[in-house]
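Every number here is computed from the coordinates shown, using simple stated rules; none is lab data. This structure is a prediction, so every number in the text was calculated from the model and none was measured. Here the Cβ is made from the backbone with ideal geometry for all residues, glycine too, and neighbour counts use every protein chain on show.
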Amino acid sequence: MDSEFCVVCGRTDRPLSDGLCVECFAARTPLVTAPEVPTLIVCPTCGARKVGAHWERAGSNPGLLTSDDLTPLLVLHPDVGLRRASWEETVRDPVQRTLHGEVVVRFRGTERTVGVDLTVKLKANTCPECSRLSGHFYTAIIQVRGMSERLRGSSRLLRERLEASFEVLLPELKPEWRKAMSWREELPEGWNYYLTDTLAARSIARIAKGRLNATLKESATLWGRRNGQDVYRVTFCLRVPESAPRGVPGVPVPPVERHV
């Protein structure tokens with residue numbers, strides 16, 4: 001009985017599908033294709049990308065397209081598994097990029113590399129977070145103050161001490177809490193930190209209270225109404241003693257008294 005053979009190349013030593021061996025099928029069928037000029041929406045301020053209804057990857061370079069941007073745009077044949085892709089920019093202008101990709105795929109038990117050319121249109125659109133920040137939107141304030149309502153001594157030295165005491169804690173906070181910090185304001189009596197998330201502000205204030213042995217007072221003021229509900233802005237006032245507990249790096253501690 002004669003063996004089945006590829007109707008294109010005539011080989012009989014390879015598995016067949018619809019009368020074609022793997023090599024001939026891959027040569028006649030696009031395994032990977034690129035959509036025609038897709039649009040990538042990028043925040044020009046923070047570099048976040050809009051994916052569906054959400055914004056992702058804040059902190060990326062707004063003008064640099066990476067595999068994270070490009071590879072998800074590819075359309076794969078149902079029998080193809082994606083392994084990896086590398087991209088090289090060939091044409092650049094202010095509103096679009098043209099790139100060549102080398103895409104490694106697995107198809108019917110074998111790996112192969114497929115070349116793909118892709119042109120992407122860039123659209124700048126400020127993300128909601130940056131829009132709020134640029135408009136100085138905030139829902140909460142953390143006030144960092146000395147222990148007394150009245151200034152004692154140099155206001156510059158007071159601000160430097162409070163800044164060192166509070167900001168040394170910031171790298172240890174959750175990234176989403178740090179992201180909620182919008183801007184800060186320098187005042188003679190200390191610092192105001194403005195945040196876009198009240199829950200994040202409350203968490204930061206409570207951690208600072210414990211770590212810095214500070215007192216904490218919370219108050220709320222009516223800011224306006226949104227969707228038929230009252231909207232409040234919450235103030236967290238931290239009063240930091242002149243010497244923080246030992247073990248907080250970068251924060252002055254009192255000298256050790258020695259008795260002879």
With the radius of gyration and the Kirkwood radius both derived from the Cα set of segment 7-151, what is their ratio Rg to Rh?
-> 1.26
Mean residue ellipticity (222 nm) of the chain, computed from DSSP H runs ≥ 4 via -39,500 (n - 2.57), nearest 500 | -5500 deg cm²/dmol
Efficiency of FRET between residue 147 and residue 58 - r from beta-carbon atoms, R0 35 angstrom, step 0.05 = 0.40
Within a Gaussian network of the chain (alpha carbon springs, distance under 10 Å), most fluctuating of 24, 130, 43 | 24
What whole number of Å gives the distance from the Cα centroid of segment 132-191 to the Cα centroid of segment 65-108?
-> 45 Å
Distance histogram for segment 136-239 (every C-alpha pair counted, 5 angstrom bins, percent rounded to whole numbers) = 2, 13, 23, 24, 19, 10, 5, 2, 1, 0
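Using the beta-carbon distance between residue 231 and residue 95 and R0 = 30 Å, what value does 1/(1 + (r/R0)^6) give for FRET efficiency, to the nearest 0.05?
For residue 231 and residue 95, the calculated efficiency is 0.20.
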In what sequence, highest mean first, do 34-41, 156-163 appear when ranked by Cβ atoms within 10 angstrom?
-> 156-163, 34-41
Evaluated over the chain, the Cα radius of gyration and Dmax, each in Å | 29.7, 107
Give, in whole angstrom and from largest to smallest, the semi-axes √(5λ) of the equivalent ellipsoid of segment 88-160, with λ running over the eigenvalues of the Cα gyration tensor.
-> 56, 19, 14
Within segment 171-190, the residues whose backbone N lies under 16 Å from a label point placed 7 Å from the Cα of residue 155 along the Cα-to-Cβ direction are 185-190
Kirkwood hydrodynamic radius (C-alpha pairs) into Stokes-Einstein, segment 56-102, 20 °C and 1.002 mPa s, D in µm²/s = 174 µm²/s
Given labels modelled 7 Å from the Cα in the Cβ direction, how far is it in nm from residue 222 to residue 126?
-> 3.0 nm
